[in-house]
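Nothing in this text is a laboratory measurement; each read-out follows from the coordinates by a stated rule. A quick note: this is a predicted structure, and the numbers were derived from the prediction, not measured. All Cβ positions, even for glycine, are placed from backbone atoms using ideal geometry, and neighbour counts span all protein chains on display.
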There are 2 protein chains.
Amino acid sequence: MSASAVPARLTDGPRLWADLMTMAGIGALPAGGCCRLSLTDEDRQARDLFAGWCREAGCTVRVDAFGNMFATRPGRAAGAGHVLVGSHLDTQPHGGRFDGVLGVLAGLETVRALNAAGIETERPVTVVNWTNEEGVRFQPGLTGSAGFVGALTAGDEAAITAADGARFFEDLHRTGYAGSAALQIPVAGYYELHIEQGPVLEQAGIAVGVVEGVQGVRWLAVTLTGEDRHAGTTPAGERRDAFMAAARLALDMRTAAALLSPDLRITFGRVTVEPNSTNTVPGRATLAIDLRHSQTALLDRMEGEIRAAVAGLAGSEGVGGTVARLMDVAPVHFDARMQAIIASAAERLGIRTLRLPSGAMHDASNLATVAPAAMIFVPSRGGISHNESEWTEPQHVTEGCEVLAQAVLHHALQPAGPW
Amino acid sequence: MSASAVPARLTDGPRLWADLMTMAGIGALPAGGCCRLSLTDEDRQARDLFAGWCREAGCTVRVDAFGNMFATRPGRAAGAGHVLVGSHLDTQPHGGRFDGVLGVLAGLETVRALNAAGIETERPVTVVNWTNEEGVRFQPGLTGSAGFVGALTAGDEAAITAADGARFFEDLHRTGYAGSAALQIPVAGYYELHIEQGPVLEQAGIAVGVVEGVQGVRWLAVTLTGEDRHAGTTPAGERRDAFMAAARLALDMRTAAALLSPDLRITFGRVTVEPNSTNTVPGRATLAIDLRHSQTALLDRMEGEIRAAVAGLAGSEGVGGTVARLMDVAPVHFDARMQAIIASAAERLGIRTLRLPSGAMHDASNLATVAPAAMIFVPSRGGISHNESEWTEPQHVTEGCEVLAQAVLHHALQPAGPW
């Protein structure tokens, strides 16, 4: 069957929406959100439900050594690379109904749509649920996809930590999702549909985003050291106030970031002062800074600005400082041909698109290190996620899923062989 | 015995110094300081040690409903008002060896000196250790002296809060220092020897300060509410960052205070952000502000500036805010006759004095609301306190204690009756 014989619309938006709401019943929270932390009983229930739906859709469900679930619809070409499509079913503690889940269930909807249209593909289409994307219970996050691409070693409990003392591979056994280390899925391309988690698409009034890549992320730890002094007796000119220094650094660096690039994100998310006593001028402050940009050079420049500003606090505030890197994840650039496939699919459907970077990390970031990968975004109301009030309009879910399905189909119809 | 028969020097400076160093062993910190937060096990140990020393000196030790400890050396006149002398044994988290402790142990040294000289007084001399002066674990601070003067009600847990969830009166029971609500000590006058905690005496090269009064102190709690957002996906313009708002408030209010008066002190000593996660824009920040000045009108104006600035953050940062008064202590003016007694005692001893205000609050501020009260200061090296490196020269400790003892003796020799 050729691409020209494909029906104009493949997928059933209301069916996908119903699945999303059914899935949201597992770990449901009072304000409409979900709590399905990875490898808890709620996660196991979600996995079982998903596996059942996949089998009903005729897929073979397999699990690898990281608990990643692969539901495969076979293709005609023996041994061809799979078109992989999916995301994750785990959520934040006060998570929403769409983050991750949408990408997994839209993959399933794609398979159902291919079944309904009676379409055979050259390549297998495999829907994937990656384990512990969120990184709430187990650190680092993106665990399953990191294991899949070889960045983590199966069975190495020491490499994965949990604040609650849980052990990742032990919990895979407990939940019945410890799979085969021998399972190898050759990947022709990986597609992930996800909510944007930012405001860009909503503000532009556009339903589908073609994601160019994922911003690099750098975490810096800043420690500022002044002097503990009595709040009542120490004149302003005698103070070496670590909090005032922190305040100055934060505001100055916000300005510096805006001057470097409007796309540079800087966040002071973690702040502590010591001794944290009302009547003592703080002698110490510690700050964690999250920097994001799609260009490493800009992250380098911003880090340089921060280091210079911290050094300058000695003169301006009498406060010394150190800067250390806690994390450094390079920017990811998604496959240009796959971006074109997505954009063309949307164009054929008459859906306007916007190219944009991803501010958040996704499993696609890991996949991009070993295979062609791409992402599709749909709008998040108010740009809000990691929050029970997370919301995407049903119409946008429908549009996003249809573009995904068309792109996956286009890719899966390509002749087997290296792509 | 008349005042003229009193020996020229009463007290034993080296003995007092040895006591100070022994006491500093309880809750000792690596850099020479102390951590004895109120009603912790360390505080209990300090109290037990002090009580033992007092009993060895022949005193009766009694405890009131706020855990304040009163060690009394009787006088000849039945029912006469006591000459009360003391301070506090609790410290800041990174506190020094002198703040508070000096006044308590110099009171004890005064009693020992009277014993050694075989002096009987008309009035009882009572050494006091006030509970929770520092206000680190429990707010408001000066708790014990506030209870003593009737500004707090015994047993009212709701009036005293603790960040760690501790309950003040419960902790008095736990440490064995829940005393009698019936205990009433009539006060003829209250003397408190304390380190200056500021640079004035050291810079003037003078060993003893006669304190004229205490600056007014106002504590404000500011809560700023923005919105938790993803650090990677939320553009600067969409953020309602409670920490950035806090930083702006702190710097703006530091400038505003400098414009109002060079003597106005403003400190942001306690700062927390929530959720305190590196990759989340903080949706909430709480700040405690300490304001000090000797004029109530200026404190009012500064509070007005803060309230206006917090209200303005809604427009400038999209962050809402509330301001609440946690504490409001009016400026205090010490008893003129007691200041004269101190100055005369120093003059007889050939010790130069300087009159100065206190930047810090002290239990004497509370006592002054119900009885004549006065304070003596000795120099703090570099003006530093609330810091492990807090230091007062042994010679200054000796001079201050001697002036204290002579003043207390002079006062205690006065005939009983209203003073």
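Over region A:1-138, with a single point scatterer placed on each C-alpha, what log10 of the ratio I(q)/I(0) does the Debye formula yield at q = 0.09, 0.10, 0.19 1/Å?
-0.27, -0.34, -1.06
At B:Ala311, with labels set 7 Å past Cα in the Cβ direction, how many nm apart are the copies from this one, shortest first?
4.5
Measuring from a point 7 Å out along Cα→Cβ, what nm distances, shortest first, does A:Ala340 have to its partners in the other copies?
Nearest first, the other copies' label points are 10.0 nm away.
7 Å along Cα→Cβ for the label point: how many nanometres lie between A:Leu49 and each equivalent label in the other copies, listed shortest first?
6.2
Ranking request for peptides B:369-379, A:251-261: highest mean number of other beta-carbon atoms within 10 Å first, then the rest in descending order.
So the order, starting with the most tightly packed, is B:369-379, A:251-261.
Cut-off 10 angstrom, C-alpha nodes, Gaussian network model of chain A. Which of A:Gln215, A:Gln203, A:Gln139 fluctuates the most?
A:Gln203
Find which of B:Thr322, A:Met23, B:Ala116 sits farthest along the positive direction of the dipole of the protein assembly as shown, computed with +1 on the beta-carbon of Lys and Arg, -1 on that of Asp and Glu, about the Cα centre.
Looking along the dipole axis, the top candidate is B:Thr322.
How big is the C-alpha Rg of region A:167-250 next to the rule-of-thumb value 2.2 N^0.38 Å, as a ratio?
Scaled against compact globular proteins, the figure is 2.17.
Enter the angle in degrees (range 0 to 90, nearest 10) between the Cα long axis of helix A:41-56 and the first principal axis of the Cα atoms of chain A, meaning the one along which they spread out most.
Approximately 20 degrees, to the nearest 10.
Karplus couplings for region B:57-71 from phi (6.51 cos²θ - 1.76 cosθ + 1.60, θ = phi - 60°), rounded to Hz, Gly and Pro as x?
7, x, 8, 8, 9, 10, 10, 9, 5, 9, x, 5, 9, 10, 10
If one takes the longest principal axis of the Cα atoms in chain A, at what angle in degrees, from 0 to 90 and to the nearest 10, does the Cα axis of helix A:242-260 lie?
Rounded to the nearest ten degrees, it is 50.
Under a GNM of chain A (C-alpha, springs under 10 Å), which listed residue has the highest mean-square fluctuation: A:Thr11, A:Thr126, A:Thr223?
A:Thr223
Evaluate peptide A:238-246: per residue, the Cβ atoms of other protein chains within 10 Å of its Cβ; return the mean as an integer.
Across the residues of A:238-246, the mean count of other-chain Cβ atoms within 10 Å is 4.
Return the percentage of antiparallel bridges among DSSP beta bridges fully within the protein assembly as shown, rounded to the nearest 5 %.
70 percent
Along the Cα→Cβ direction, 7 angstrom out, place labels at A:Asp164 and B:Arg307. What is the inter-label distance in nm?
Distance between label points: 4.6 nm.
Could you run the Debye sum over the Cα atoms of chain A, one equal point scatterer each and no solvent, and tell me log10 of I(q)/I(0) at q = 0.12, 0.14 Å⁻¹, two decimals?
The Debye formula, applied to the Cα set alone, gives -0.96, -1.21.
Considering just Cα atoms, how many Å³ per residue does the convex hull of region A:216-329 enclose?
It is 84 Å³ per residue.
Counting alpha carbon pairs within less than 8 Å and at least 6 residues apart, what relative contact order, in whole percent, applies to region B:216-329?
45 percent
If one computes the Cα centroid of region B:254-290 and of region A:44-109, what distance in Å separates the two points?
With region B:254-290 and region A:44-109 each reduced to a Cα centre, they are spaced 48 Å.
Taking springs between alpha-carbon atoms closer than 10 angstrom, which of A:Glu238, A:Glu402, A:Glu109 fluctuates most in the Gaussian network model of chain A?
Highest fluctuation among the options: A:Glu238.
Normalised by the residues of chain B, what does the relative contact order come to in percent, with Cα pairs under 8 Å and at least six apart?
Relative CO of chain B lands at 24 percent.
When B:Thr153, A:Thr121, A:Thr280 are ordered from fewest to most other Cβ atoms inside 10 Å of their Cβ, what list results?
Fewest-to-most ranking of B:Thr153, A:Thr121, A:Thr280: B:Thr153, A:Thr121, A:Thr280.
Isolated Cys in the protein assembly as shown by the 4.7 Å beta carbon test?
A:Cys34, A:Cys35, A:Cys401, B:Cys34, B:Cys35, B:Cys401, each lacking another Cys Cβ under 4.7 Å.
Based on the Cβ-Cβ distance of A:Gln395 and A:Arg174, what FRET efficiency does E = 1/(1 + (r/R0)^6) give at R0 = 30 Å, to the nearest 0.05?
According to the calculation, E is roughly 0.15.
Which whole number gives the average count of other chain Cβ atoms within 10 Å of the Cβ atoms across peptide B:379-392?
Neighbouring Cβ atoms belonging to other protein chains average 4 per residue here.
Quantify how strongly other chains surround peptide A:222-231 by giving the mean number of their Cβ atoms within 10 Å of each of its Cβ atoms.
Counting Cβ atoms of other protein chains within 10 Å of each residue's Cβ and averaging gives 6.
Quick check for me: using +1 on Lys/Arg Cβ and -1 on Asp/Glu Cβ, what's the dipole size of region B:181-297 about its Cα centre, in debye to the nearest 20?
320 debye
So what does the Cα-only Debye profile of the protein assembly as shown read at q = 0.04, 0.07 Å⁻¹, as log10 I(q)/I(0), no solvent term?
Log10 of I(q)/I(0), two decimals: -0.26, -0.65.
Quick check on the exposure proxy: order A:Thr353, B:Thr322, A:Thr110 from fewest to most C-beta atoms within 10 angstrom.
In increasing order of surrounding Cβ atoms, one gets B:Thr322, A:Thr353, A:Thr110.
Relative to the first principal axis of the alpha-carbon coordinates of chain B, what is the inclination of helix B:394-412, with its axis defined by its Cα atoms, in degrees from 0 to 90 and to the nearest 10?
60 degrees
Kindly put A:Asp263, B:Asp19 in sequence by how many other C-beta atoms sit within 10 Å of each C-beta, fewest to most.
A:Asp263, B:Asp19
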